[in-house]
1. For the cross-link pairs K131/K214; K10/K395; K346/K395; K28/K66; K20/K237; K28/K93, which exceed 26 Å when the distance is taken from alpha carbon to alpha carbon?
2. Mind jotting down a quarter of the surface of the convex hull over the alpha carbons of segment 44-123, in square nanometres, one decimal?
3. Among H372, H80, which comes first, second and so on when ranked by fewest other beta-carbon atoms within 10 Å?
4. What list of ³J(HN,Hα) couplings, whole Hz, do you get for segment 124-134 from phi and the Karplus terms 6.51, -1.76, 1.60, once you set θ to phi - 60° and write x for glycine and proline?
5. If you average the C-alpha positions of segment 156-170 and of segment 230-305 separately, how far apart do those two centres end up, in angstrom?
6. Taking a cut-off of 16 Å between Cα atoms, list the aspartates and glutamates near K210, but don't count ones fewer than 8 places away on the same chain.
7. Quick one: the Cα spread of segment 239-279 along its three principal axes, in angstroms, biggest first?
8. Per the helix-only calculation at 222 nm, which mean residue ellipticity applies to the chain, given -39500 (n - 2.57) for every DSSP H run of n ≥ 4 and division by its residues, nearest 500 deg cm²/dmol?
Amino acid sequence: MNNTQTMIEKADKFGAHNYKPLPIVLEKAQGIWVWDVDGKKYMDMLSAYSALNHGHRHPKIIERAKKQLDKVTLVCRAFHAEKLSLFNERITKMTGYDMVLPMNSGAEAVESAIKLIRKWAYLTKKIPKDKAEIIVCADNFHGRTTTIISFSTEELYKEDFGPFTPGFKIIKFGDINELKNAITPNTAALLIEPIQAEAGINVPPKGYLKEAQKICKENNVLFVLDEIQTGMGRTGKLFCYMWDDARPDILILGKALGGGVMPISATLADRSIMELFKPGEHGSTFGGNPLACECALAAMDVLEDEHLVERSNEMGEYMMNKLRGLSSPYIKEIRGKGLLIGIELKKDAGGARKFCEALMQKGLLCKETHDHVIRLAPPLIISKEELDWAFDQVKEVLTK
């Protein structure tokens, strides 16, 4: 029995079966490359669902993390911390918001935004207590907590987990008329992803975000964007909303914010909204810890110093053009922005999983999403030559 089989058996025996990973056990990583426990090398085209925009173990981020490990890692929010103050200043300046609330996971940042939306609804908009509604979109993915799955349309995420949290109204993604018709005097916010990554890289019509922002403003409704997967350069802009010049009232970040080293997330808003939170109303023991903050500070430096946003745009266009020129009996559509790319397969192709497994055998790691879409989202540091190699593997699997 090889090391891979041994480790998979241990995972199955001792770990909860809440994931169905590809049959590979990774041991080490560097840049865009990973190695399994049997020494085989693979190109990572998933980037931990866009948490690894900077690549694995970026040396500048690792170096600063090591230095921070020798100083202080956690103090909790009972005290001020130097790195938290620096992080707060840096991320607000980078994003253009007045204030930030740091947490750990993306789901925690979404939960923070929901609480903030509701507080604004009652204290500022004067919606009757416990009557606030938040509009969301079908096929959304905002996390796995009980409140968040309450407004998911994916039954697998909800089955046997009820009862669910009320206060959400679901509309079709990208449909402006449905948004207009859904708004009532009790509508507090529209909460959406600018591109639905988990749903299969669903890109809304051009101008949709700008029009949605306008409608929200006209109706005194908060425009809230979850950029946990699309932010930090993934789509070829620093934030995806910049493609439509549609600045949200609340911006939610996570994943790549920690440079792929430490989890850290952020909910950002201007002072008139964020100052509604009062001491004791919300918090997190690990949220904004010094180690995560230093990793985030380093990640923001690398993103700017190495021009990874511009690189994402250039490499994304390059790869999508190559894929669109591919003649395959299986491909229905190529879509995406920057280095967030979806290859939608025809229904009769038999699902994306088998193609992802075939690509794994060729040394390229990606993941199916919503059964019929192959997601390609490599680290933003990837080169044209490396994309050429990845394309050759995709071509071989999808044209034979």
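Bear in mind that the values in this text are calculations on the coordinates, not laboratory data. Note that the structure is a prediction, hence the values are computed from the model and not measured. For neighbour counting, all protein chains shown are included, and Cβ atoms are generated from backbone atoms with ideal geometry for every residue, glycine included.
1. From the list (K131/K214; K10/K395; K346/K395; K28/K66; K20/K237; K28/K93), the Cα-Cα distance tops 26 Å for K10/K395; K20/K237; K28/K93.
2. Details: hull surface 30.1 nm².
If I average the Cα hull's projected area over directions, I get 7.5 nm².
3. On the way: H372 20, H80 8.
Listing H372, H80 from fewest to most nearby Cβ atoms yields H80, H372.
4. So the J values, rounded to whole Hz, are 9, 7, 6, 5, x, 3, 6, 10, 5, 10, 10.
5. 27
6. D175, E178, E193, E218, D226, E227, D244, D245, D249
7. 33, 31, 8
8. Working: 14 runs with 147 residues, N = 400.
-11000 deg cm²/dmol, from helical runs alone.
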